[in-house]
Protein chains: 2
Amino acid sequence: VLLARRETWDIARGPEATLAHVGAGFDDMLEEVGRQTPVWGATIGVPGPVDFASGEPVSPPIMPGWDGFDIRGWVTRRYDVPVWVDNDVNLMAMGELVHGTARGVPNALYVKAGTGIGAGIVAGGQIQRGATGSAGDIGHIAVTDDPTVICRCGQTGCLEAVAGGWALAQAARGGAEAGRSPWLAAALTDHGEILAHDIAQGARNGDPLCVEMIARAGRVVGESLATLVNILNPSVVTIGGTIADSGNLFLAAVRETVYRRCLPLATRDLSVVVSSLNHYEGIIGGASLALDRIFTPHTLERWVTRGSPLDIDRSLLYSA
Amino acid sequence: VLLARRETWDIARGPEATLAHVGAGFDDMLEEVGRQTPVWGATIGVPGPVDFASGEPVSPPIMPGWDGFDIRGWVTRRYDVPVWVDNDVNLMAMGELVHGTARGVPNALYVKAGTGIGAGIVAGGQIQRGATGSAGDIGHIAVTDDPTVICRCGQTGCLEAVAGGWALAQAARGGAEAGRSPWLAAALTDHGEILAHDIAQGARNGDPLCVEMIARAGRVVGESLATLVNILNPSVVTIGGTIADSGNLFLAAVRETVYRRCLPLATRDLSVVVSSLNHYEGIIGGASLALDRIFTPHTLERWVTRGSPLDIDRSLLYSA
């Protein structure tokens, strides 16, 4: 990875504003690494289901304005390179599959516990996206009948609304204001809001409210994960995202719940681990996806005869 | 299909007795179709997880004595043909994938609702067996905390113990003896026991208790299926097994629950249908599996040069 940049952005600002911002940031980064660095391809990960063949989001619950938007077309017009668009968690799973904890593992799961919650499924050695790109979308599965648990997707009782970073941050603000957490009160004073990151760091530093919140989130995520493990029988489950940064607390709660709730056979050879890629799994996965598609035997042959593997019909690169 | 035979057998009688019985039956059938019919291969489906590469059951919950038994070796010694062993529901899913309702569908589920309950997962066009062969084993996932719901696997609260044919038959006996079901009372008088088949037929004929039991089983199976659909995002769900024979009642209850409990995106293009293969899906799937492995380009090439595609190292045929 030559250069990486991380920013907080409200995806609900819509595709035009978001992609213009991403494009400007990418231009800056190209400038920084030197304009002589050629761009061979681009991969875009978004927090919602994507029709992988067309590169368009499909009714994404938390991305108003993005349904059917031609992300690939937008990026291609700007950089004239082949473009792949995928769900962000699928790219993280790909990163783990190619270079991380699930390297070469044919049956694996990646779970992102960050602002939102999602899973990437590796089965038979392949990322599985399902019929409409929503495979692994566990964030909006109902985990409670409590009608007061309102999700940002508009439904009630979603996993994300109980254990997602945005839901934890909402609850944490109340706790901080009620004087139940010195750590979170300090964060609120410091930057005027509480982020999932603050809660994870608070837990790591032993703040009682943060510890309680992260442990509970781990148990709730663990229960949903147990269902995935029972159904899919992976040999590695990798946990990533901001919430997983709480030291061993979140991992321990997830692991304990998964082993307790799963069929013995499904956990016999199961490892539950934290990502080793230090939040670069999505970037590495996106790059791996593009490399995989660009450097096939088929495209390499064209490269030899025509001078560039990209000098071919791009639909060949995009086919799923 | 040249010939098929169906028998009720207690798998708990162990591998030696069971395979001897199956072998004797198969010899009879060979006699019946004429000894000149060559046997090219054999596929054995069992109601439990199988390590597909070795062909051995892996800690199967309801198959005492079968753990690690060399089924392939037993059958090979008897018929000297290549042998594949798989979970029975995986073979049914394969049948639907090759010749049934899921023909050519890359993302599909098959659910067997018979004596037991299990699912076969097709993702990325392939049957997915998981790391230890237990992918799709939904029968022993806990669906209730009620400690009085005891499963034949030894655990409590399993899906099978609530909605499996054997559990329904147990409950039905009580209903028949209490005079709540003329249909089941007649079945009990007629053959001294109640089978899942009797309940399905009773429901088809409007017996009130049978209708109630099948509708409830459909709702419970539907809830577990909704989770599978949310996670895997298939485009076809096929239902088979004895319980599905109750006319439209079971299908309607499953379908209604799946559509109500799933994310809208996961059901947008989803069909929930009954198997069209009339209980032959497992036989057709088993044959397809063997044909797929025997007639690869690689083996056909050997056939041309050596006279038989089977005249090669069999481990090549078995590799997953």
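The table that follows gives values for the structure above.
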read-out	value
Longest DSSP-loop-exposure-free segment, trypsin sites (Lys or Arg not before Pro), chain A, at most 16 other Cβ within 10 Å	A:181-267
Per-bin percent of Cα-Cα distances, the stretch A:109-215 [5 Å]	2, 13, 20, 18, 16, 14, 9, 5, 3, 1, 0
B:GLU31 - accessible surface, heavy atoms, 1.4 Å probe, Å² rounded to 10	110 Å²
Under 5 Å, built H, 5+ apart or other chain: amide partners of A:SER271	A:VAL236, A:VAL237
Helix A:165-177 axis, angle to chain A major axis (alpha carbon atoms, nearest 10°)	40 degrees
Global geometry of the protein assembly as shown, whether rounded, prolate or oblate, following the gyration tensor of its Cα atoms and the 1.5 cut on a/c	oblate
Folded to 0 to 90 degrees: helix B:248-261 orientation relative to chain B principal axis, Cα	90 degrees
Nearest-10 value in Å² for the accessible area of B:VAL58, using the 1.4 Å probe	10 Å²
Expected 222 nm ellipticity per residue - DSSP helices of 4 or more, -39500 (n - 2.57), all of the protein assembly as shown, to 500	-14000 deg cm²/dmol
Prolate/oblate/rounded label for the stretch B:1-140 (Cα gyration tensor, a/c 1.5)	oblate
Rg and Dmax of chain B, Cα atoms only, in Å	20.3, 70
Whole-number D in µm² s⁻¹ for the stretch A:200-320, Kirkwood Cα-pair radius fed into Stokes-Einstein, 4 °C, 1.567 mPa s	76 µm²/s
Surrounding net charge for A:ARG180, when Lys and Arg each add one and Asp and Glu each subtract one, Cβ distance under 13 Å	-2
Accessible area in square angstrom per residue, the protein assembly as shown, 1.4 angstrom probe	43 Å²
Equivalent ellipsoid, the stretch A:96-168 (semi-axes from 5 times Cα gyration tensor eigenvalues, Å)	28, 13, 8
Debye equation applied to the C-alpha atoms of the stretch A:74-126, log10 I(q)/I(0) at 0.16, 0.22, 0.26 Å⁻¹	-0.55, -0.78, -0.91
Interface residues in the stretch A:87-134 - accessible area drops by 30 Å² or more relative to the isolated chain, probe 1.4 Å	A:ASN107, A:GLN128, A:GLY130, A:ALA131, A:THR132, A:SER134
Accessible-area ranking of A:SER224, A:SER59, largest first, probe 1.4 Å	A:SER59, A:SER224
Probe 1.4 Å - accessible area at B:TRP9, Å² to nearest ten	80 Å²
Acute angle (nearest 10 degrees) that the helix A:281-294 long axis makes with the longest principal axis of chain A, alpha-carbon atoms	20 degrees
Built amide H within the under 5 Å cut-off of A:GLY48, gap 5+	A:ASP88
Karplus 3J(HN,Hα) series, Hz, for the stretch B:262-276 with 6.51 cos²θ - 1.76 cosθ + 1.60 (x for Gly, Pro)	8, 5, x, 4, 6, 10, 4, 10, 8, 10, 10, 9, 9, 3, 9
Neighbourhood charge, 9 Å Cβ-Cβ cut-off, centred on B:PRO49 and excluding it, Lys, Arg +1 and Asp, Glu -1	-1
Other-copy label distances relative to A:GLU301, 7 angstrom Cα-Cβ extension, nm	1.6
Per-residue ³J(HN,Hα) for the stretch A:227-237, Karplus 6.51 cos²θ - 1.76 cosθ + 1.60, θ = phi - 60°, Hz, x for Gly and Pro	4, 4, 5, 4, 6, 9, 6, x, 9, 9, 10
Sulfur and carbon atoms: percent of accessible area, the stretch B:73-112 [1.4 Å]	52 percent
Cα gyration tensor of the stretch A:164-241 - equivalent ellipsoid semi-axes, whole Å, descending	29, 11, 10
Accessible-area order (highest first, 1.4 angstrom probe) of the listed residues A:ASP51, B:ASP145, A:ASP313, A:ASP207	B:ASP145, A:ASP313, A:ASP51, A:ASP207
Debye intensity ratio I(q)/I(0), log10, the stretch A:236-301, q values 0.20 Å⁻¹ (C-alpha model)	-0.83
Loss of accessible area when A meets B, both sides summed, Å² nearest 100, probe 1.4 Å	2500 Å²
Members of the stretch A:252-290 that become less accessible by 50 Å² or more once partner protein chains are added (1.4 angstrom probe, chain alone as reference)	A:LEU263, A:LEU265
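The values are calculated or read from the model by the stated rules, or taken from the named source; none is laboratory data. The model shown is predicted, which means the values in this text are computed figures rather than measured ones. No Cβ is skipped: glycine too gets one built from the backbone with ideal geometry, and neighbour counts run over all protein chains shown. Ligands, DNA and RNA are stripped out before the accessible areas are found, and what is left, the full protein with its side chains, is counted by its heavy atoms. Shrake-Rupley method; radii C 1.70, N 1.55, O 1.52, S 1.80 Å.
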